[in-house]
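Below is one structure, written out as structure tokens, with a few remarks after it.
What follows draws every value from the coordinates through simple rules; no lab data is involved. None of the values given here were measured: they were computed from a predicted structure. A quick note on method: Cβ atoms are made from the backbone with ideal geometry, for glycine too, and the neighbour counts reach across all protein chains shown.
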Amino acid sequence: MSSEVADQVACTAAVLAKTPDAAVVSNLGVASYVLAGVEDRPLNFYLWNSMGVTTAVGLGVALGTDRQVTVLDGDGSTLMGLGALATVAEADPPNLVIVVWDNRAFATTGGQETLSGTADLAAIAAGAGLEAYEAESDAAFERRYAEAVAHDGAAVVVCRVEAIDPDSRPPADYAHVKRRFREAMTD
């Protein structure tokens with residue numbers, strides 16, 4: 001990957017614009033903060049206190065619906081739950097796209113460096129049996145995300161982004177978020 005990076009806020013907005021009826025499962029912290037800041041909607045499912053399981057939760061949601069499901073995960077969380085990629089590849093739901101925001105940091109817990117600078121997450125996903133794409137700009141992300149959605153099977157888009165400190169936070173009533181997500185999924 002080059003030194004260019006995409007804008008996580010713009011790319012999150014592109015996800016919602018491309019797949020407005022998708023269920024979106026977001027990793028704790030920055031991914032959820034950005035998603036809520038772009039648009040807090042009933043089909044957003046923000047995870048809390050659960051680093052490393054976002055992709056696995058997204059897989060469960062995808063297996064329970066025909067609706068498009070997008071996971072917004074982080075590089076640190078993905079590295080913590082690498083086994084989930086093999087499980088996703090085995091199940092291979094056609095309605096699941098996993099976006100990995102690669103900022104090379106545990107941004108939510110203080111910016112500690114992750115190993116994504118040396119571990120090639122797209123190659124790891126491909127090695128697990130998934131269709132994998134990489135993006136380093138907003139335009140490249142939009143193209144790669146569209147390709148991943150069109151792919152007949154589960155796919156991963158690893159997008160290099162800057163570590164950010166978003167201004168917004170999702171709703172604090174997590175029981176409400178869960179209820180409204182469940183209701184939106186049955187509509």
Query raised in the report: So, counting K/R as plus one and D/E as minus one, what does the shell of residues with Cβ under 11 Å around His151 add up to?
Result: -3
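If a/c stays under 1.5 just call it rounded; otherwise compare a/b with b/c (prolate if a/b is bigger, oblate if not). Do that for segment 1-95, with a ≥ b ≥ c from the square roots of the Cα gyration tensor eigenvalues.
It comes out rounded by the Cα gyration axes.
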Query raised in the report: If amide H atoms are built 1.01 Å from N in the plane of the peptide, which residues on other chains or at least 5 residues away come under 5 Å of the amide H of Val156?
Result: Ile98, Glu131, Ala132, Tyr133
Report task. Give, as ranges by residue number, the residues of segment 44-69 whose backbone N falls under 17 Å from the point 7 Å along Cα→Cβ of Ala86. Result -> 53, 55-56
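Taking square-rooted eigenvalues a ≥ b ≥ c of the alpha carbon gyration tensor, is the chain rounded, prolate or oblate, where a/c under 1.5 means rounded and, failing that, a/b exceeding b/c means prolate? If you can, show how the numbers build up before the last one.
Working: a/c = 1.39, a/b = 1.12, b/c = 1.25.
The shape class here is rounded.
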Query raised in the report: So, with +1 on the Cβ of K and R and -1 on the Cβ of D and E, and no other charges, what is the size of the charge dipole of the chain about its Cα centre, to the nearest 20 debye?
Result: 560 debye
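Output the antiparallel fraction of DSSP beta bridges having both residues in the chain, as a percent to the nearest 5. Please list the in-between numbers first.
Working: 2 of 27 bridges.
Counting only bridges with both partners in the chain, antiparallel ones make up about 5 percent.
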**Report entry** Of Leu47, Ala135, Thr118, farthest towards positive along the dipole that unit charges on Lys, Arg, Asp, Glu beta carbons give segment 8-186
**Finding:** Leu47
Query raised in the report: What residues qualify as long-range amide H neighbours of Val5, i.e. H under 5 Å apart, gap of 5 or more or another chain, H built at 1.01 Å from N?
Result: none
Report summary line: Counting only residues 5 or more apart in sequence or on a different chain, those whose built amide H sits under 5 Å from that of Val25 are Phe45, Thr70, Val71, Leu72
Query - J(HN,Hα) series, segment 73-86, from Karplus relation 6.51 cos²θ - 1.76 cosθ + 1.60, nearest Hz, glycine and proline x - result: 10, x, 5, x, 5, 4, 4, 6, x, 4, x, 4, 4, 5
